[in-house]
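Since the structure comes first, as structure tokens, the remarks are kept for the end.
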Amino acid sequence: MSVENDTRPYSVTMPTRWSDFDQYGHVNNTKYLDYAQDARFRWGLEELGGQQFPMSVVRTMSVDFLRPLRPDTTHVIVDTEIIRLGRTSYTLNQTIRDQRGDIAAEVKTVMVVVDSATQRPSELTAANRKMLAPYVIDELIEVAEGDDNTGENGSTGGSD
């Protein structure tokens, strides 16, 4: 399904810290997840209205490390966009770039919307989808009814 709208990634710039670098002179692999998480939190607060969007937890994450971030990297740019909408989940693709714009990593994260009272998966409502729409890429994968990434028996499998 193709979504016709003014899509854009949410983009945030954050400085690298001395503690991000390891003994080999590049950013430690675990810090890429920190960058992605920080960008995801900012996106939720700044763009989704914080408390207006229902609670979402991480189901799965994967990182494709494309090139190292070296000591001359002063900051990173993280672009966040949605590549998949399911019944109870959505998948984010986050691109981490250095200050020159070179892509260092891509992080894919499946987020499951949960009811805060029951801690069970909750369906994305029309209002939720409208809030997410500006960040959905044109080649969106829409999931068929009942086919979602929430795991066996509707468990979310993780937390955020």
Subject >> Subset of the stretch 27-47 (residues that are under 12 Å from Q94 (Cα atoms) and touching a Pro at 6+ places or on another chain (Cβ under 8 Å)) >> reply: none
**OP:** Please enumerate the residues belonging to the stretch 103-141 that are open to solvent by 10 Å² or more (accessible area, probe 1.4 Å), part of a strand (DSSP E or B) and touching a helix residue (DSSP H, G or I) at 6+ places or on another chain (Cβ under 7 Å).
**Re:** P121
Original post:
Out of all the residues in the stretch 35-45, is one or more over 11 Å from the mean Cα position of the chain (by Cα) and surrounded by 14 or more Cβ atoms within 10 Å (Cβ to Cβ)?
Top reply: no
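The values are calculated or read from the model by the stated rules, or taken from the named source; none is laboratory data. What you see is a predicted model, and the numbers here were worked out from it, not measured in a lab. A quick note on method: Cβ atoms are made from the backbone with ideal geometry, for glycine too, and the neighbour counts reach across all protein chains shown. Side chains are part of the model used for accessible areas, which takes the heavy atoms of the whole protein and leaves out ligands, DNA and RNA. Shrake-Rupley method; radii C 1.70, N 1.55, O 1.52, S 1.80 Å.
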